[in-house]
Amino acid sequence: MSDSGAPSAARVVVGVSGSLGSLTALCRAADEARRRGAELWPVLAWEPPGGELAARRTPASYVLLDEWRGLARRNLLTALDGVFGEAGPGVPMRALVARGTAGRTLVESAGRETDLLVVGAGRRGGWHRLCSCSVSRYCLAHAVCPVLAVPPSPLEADLSSVHRRNLWRLRLDTRHLERPSGRRAAPDA
């Protein structure tokens, strides 16, 4: 960065992991960047498998660092291509792959008060909140800029429900589905 005194461009920083929630947040961040006339900064944070401590203990992990970084880069490009396709987001974009924990990396990337940090809010279940460290909560607590926590898509909840039913081998209840003519299906007698 230069200290020329010229104002820097507004930025919308968004966390991207490839999950449905992060893709929803990426779409919302692109909308916010267009609305504000800002640059879009999608950020994918990565850590070595097993975490930093495991990577320090294993000398062979240094050989694999470039491989892991490349995998993270490919994951980010796949997510961007899946959301925007060939057309792109319609705003200037600077994608970033950074080594570190997701929350800390996002807070550091959105380090200016004029930035907007967009994160997926994650699952809403009590068990999930109890057992996992939430990136969105970390960002809300530590960011110096406004944070927009995007709730999960209703489609994501439906997809999770179907997945759980499949795991438990339960039948799906299709009575609520409509027929193509717009009439409701007759309930099973």
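The values are calculated or read from the model by the stated rules, or taken from the named source; none is laboratory data. A quick note: this is a predicted structure, and the numbers were derived from the prediction, not measured. Virtual Cβ from ideal backbone geometry, glycine too; neighbours counted across all protein chains shown. Remember, those area values only see protein heavy atoms, side chains included, never the ligands or the DNA or RNA. Shrake-Rupley method; radii C 1.70, N 1.55, O 1.52, S 1.80 Å.
One line per residue, one yes/no per condition, for (1) farther than 24 Å from L148 by Cβ; (2) out of contact with any strand residue (DSSP E or B) (no Cβ under 7 Å at 6 or more places or on another chain); (3) of a type in the set (A, V, I, L, M, F, W, C):
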position: L26; (1), (2), (3): no, no, yes
position: W41; (1), (2), (3): no, no, yes
position: E52; (1), (2), (3): yes, yes, no
position: V63; (1), (2), (3): yes, yes, yes
position: D81; (1), (2), (3): no, yes, no
position: E86; (1), (2), (3): yes, yes, no
position: P89; (1), (2), (3): no, no, no
position: P92; (1), (2), (3): no, no, no
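The helices (runs of 4 or more DSSP H) found entirely in the range 40-128 that carry 3 or more residues being at pLDDT 85 or above and exposed (fewer than 14 other Cβ atoms within 10 Å of the Cβ) are 61-84.
Here V135 meets each of (1) open to solvent by 40 Å² or more (accessible area, probe 1.4 Å); (2) at pLDDT 95 or above; (3) under 18 Å from E47 (Cα atoms) with one exception, condition (2). Annotation note: Cβ proximity below 9 Å between a residue of the range 19-37 that is closer than 18 Å to A157 by Cα and a residue that is of a type in the set (D, E, K, R) (sequence gap 6+ or interchain) occurs for S19/E156; L20/E156; G21/R123; G21/E156; T24/E156.
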